[in-house]
Amino acid sequence: MNRHKLLLYFCGVFSVLLIVGGLLGATIRLINELRYSLEYFLPYWLVSPILLIAGGLLLTLLIQIGWPWWQKILKKRSEKNRKTNHNHIISQSRQQAAEQSLESIDRILEKLKDNIATEGLKQERERVGNELARGDLVVVIFGTGSSGKTSLIRAMLNEIVGNVAAKMGSTKSCETYRLRLKGLDRGLQLIDTPGILETGKDGYSREKEARLRASQADLMIVVVDSDLRKAEFEVIKSLANLGKRLLLVLNKCDLRGEAEERKLLALLRGHCKGLLEPADVIPACASPQSVPMEGGHPWQPPTEVDKLLQRLAKILHEDGEELLADNILLQCRNLDDRGRDLLDKQRRNAAKNCVDKYSWISSGLVIATPLPGVDLLGTAAVNAQMVLEIARIYGVQLTRSSAQELTLSVGRTLTGLGVIKGSVELIGSTLSLTLPTYIVGRALQGVAAAWLTRIAGASFITYFQQDQDWGDGGVQEVVQHHYDLIRRKSSLKKFMEIAFLRVVEPLQKNHQRQLPPRPGPREGEGASGHEHLRQ
């Protein structure tokens, strides 16, 4: 094998030497012929200087013409290499960011307890992971029913695919076809989606699927057959705001004249100014109408999708890797946001249950050991334990001393804002209308303790949701916000209904058991008493 390579190497070198030698010999022969020709007209002593001057001028001319051309070639090559390297760096950095995002999603999945939500998120994470490792660029064909989406794909593939018909909603589900473009390393997946803006439940369901596939595409081709409807423009605007690269194709150009076509293209470019580049609004004719011919078969004009394919190839050659990286990163971030929302919801529900539990623990403690006044500081130990549990729910390691400091801080804020006084007045007025006087005092203390613990607990949840930060307005603004929320008529009514069941009714039953028995008639006096009444 090595001997064969060595032989080829020597043959190549010998061929190069022969070519160079032949060119050099031809050049010398040409110079000699010029020299002999010039000696017929000029003295022999002028021939050599003239040849040298002519050679110098020729060399100068070649340099003047060839050097800028060579510089231009080098510049183009350098720009191409720089752009390729830049895109590669961008692609690599975004791919790394996407991989980190997927790792973050995996950590979130470990913390989620809702099996249904977790399973859906797992499936979506696997799909995005496969997208990250795939080799094809995804191009989604999107538009209203019967605008010619499937016909456009057929023309691009140069073969019949799908169900091509004039009836609205002929594409019932997403169909995928594969296309190779010359000079592009990656293949293309062309996805034909159901039409949008169809009526009925089935139409809405198909549009939802089409929008989902559009949000997952690397590149969008939106097909229209006339000026944009308002709903179509809103769809294009929403997709463009997602960061998607769009091509807008004006299909069925064979049905209108050149002047009307130019006018429509200008209108479309005007509508989409700032969303699309003018060059990304492209005319096409995917399925031209046949032309009747006298005395013969109708003539079928060829499809006109060359401009679309050329623009598509240019975009994918220049920006394909970046579009792919952007799309995957966008999907990863959306998935990460979805996972965090599920985790936040799970944590919020668990934290609310914790607050609800400690609200009634505080209430029971105050009723069992009545205090001179209603104050959150009296149940500080209970509420410090509540803070520790909320912190664990949010994955925060908190010391008991820190929990006590937080509890005292919120307690002082409740007092300073007048929340305690306002709460006692509000709850007292409600209880005094429905309860006898002898249990109002104890019920008021118990219900108010639960109420204040609930306000404090909601404030602690906000604190941990914001990564242990009270925000710009500080603890006062957070506490005031939750107090305003819980004192609303609907919230107050719901709270008081629970308070009557947990606090007031048990107090009433307990009070009735503690009353002394009512006195009855003495033994032996019953008969005489009755006789006296009869008399």
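The values are calculated or read from the model by the stated rules, or taken from the named source; none is laboratory data. Worth saying up front: this structure is predicted, and the values here are computed from it rather than measured. Glycine gets a Cβ as well: all are built from the backbone with ideal geometry, and neighbour counts include every protein chain shown.
Being closer than 22 Å to Leu157 by Cα and assigned to a helix (DSSP H, G or I) is a description that does not apply to Gln331. When Ser423 is tested against (1) farther than 19 Å from His482 by Cα; (2) modelled with pLDDT under 85; (3) among the small types (Gly, Ala, Ser), exactly one condition is not met: (1).
Each row is one residue, and each column tells you yes or no for (1) of a type in the set (Lys, Arg); (2) surrounded by 14 or more Cβ atoms within 10 Å (Cβ to Cβ); (3) under 21 Å from Arg256 (Cβ atoms).
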site	(1), (2), (3)
Gly270	no, no, yes
Asp280	no, yes, yes
Pro292	no, no, yes
Gly295	no, no, no
Gln300	no, no, yes
Asn327	no, yes, no
Leu343	no, yes, no
Ser362	no, yes, no
Val366	no, yes, no
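Restricting the range 235-264 to residues that are among the aliphatic types (A, V, I, L, M) and closer than 11 Å to Val224 by Cβ, which is surrounded by the most Cβ atoms within 10 Å (Cβ to Cβ)? Looking at the filtered set, the residue picked out is Val249.
Among the conditions (1) closer than 23 Å to Ser363 by Cβ; (2) surrounded by fewer than 11 Cβ atoms within 10 Å (Cβ to Cβ); (3) not basic (Lys, Arg), Pro506 misses just one, which is (2).
Kindly indicate whether Ser459 is modelled with pLDDT of 90 or more, part of a helix (DSSP H, G or I) and among the small types (Gly, Ala, Ser). Show your work before the answer.
Numbers: modelled with pLDDT of 90 or more: yes; part of a helix (DSSP H, G or I): yes; among the small types (Gly, Ala, Ser): yes.
Against the criterion (modelled with pLDDT of 90 or more, part of a helix (DSSP H, G or I) and among the small types (Gly, Ala, Ser)), Ser459 qualifies.
Considering (1) farther than 19 Å from Thr144 by Cα; (2) out of contact with any Asp or Glu (no Cβ under 9 Å at 6 or more places or on another chain); (3) among the aliphatic types (A, V, I, L, M), the lone condition that Ile315 does not fulfil carries the number (2).
From the list Ser15, Ser37, which residue is among the small types (Gly, Ala, Ser) and either at pLDDT below 75 or assigned by TED's automatic domain parsing to the domain that holds Gly320 (or both)? Spell out the reasoning first.
Details: Ser15 fails: either at pLDDT below 75 or assigned by TED's automatic domain parsing to the domain that holds Gly320 (or both).
Just a single option satisfies the conditions, and that option is Ser37.
Residues checked against (1) aliphatic (A, V, I, L, M); (2) buried (at least 22 other Cβ atoms within 10 Å of the Cβ):
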| site | (1), (2) |
| --- | --- |
| Ala380 | yes, no |
| Ile390 | yes, yes |
| Val396 | yes, no |
| Gly418 | no, no |
| Lys421 | no, no |
| Ile427 | yes, yes |
| Arg442 | no, no |
| Trp451 | no, yes |
| Gln468 | no, no |
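Being modelled with pLDDT of 80 or more, assigned by TED's automatic domain parsing to the domain that holds Phe495, within 43 Å of the chain's Cα centre (by Cα) and assigned to a helix (DSSP H, G or I) is a property that Ala350 lacks.
Consider Gly274 carefully, then state whether it is out of contact with any Ser or Thr (no Cβ under 8 Å at 6 or more places or on another chain), over 30 Å from Lys182 (Cβ atoms) and of a type outside the set (A, V, I, L, M). When the stated conditions are applied, Gly274 passes them.
Quick one: would you say Val235 is over 24 Å from the mean Cα position of the chain (by Cα) and either in the same structural domain as His317 (by TED's automatic domain parsing) or modelled with pLDDT of 75 or more (or both)?
No; evaluated as a whole, the condition is false for this residue.
Taking Arg400 as the residue in question, decide whether it is among the basic types (Lys, Arg), modelled with pLDDT of 80 or more and over 25 Å from Val504 (Cα atoms). Spelling it out, Arg400 is indeed among the basic types (Lys, Arg), modelled with pLDDT of 80 or more and over 25 Å from Val504 (Cα atoms).
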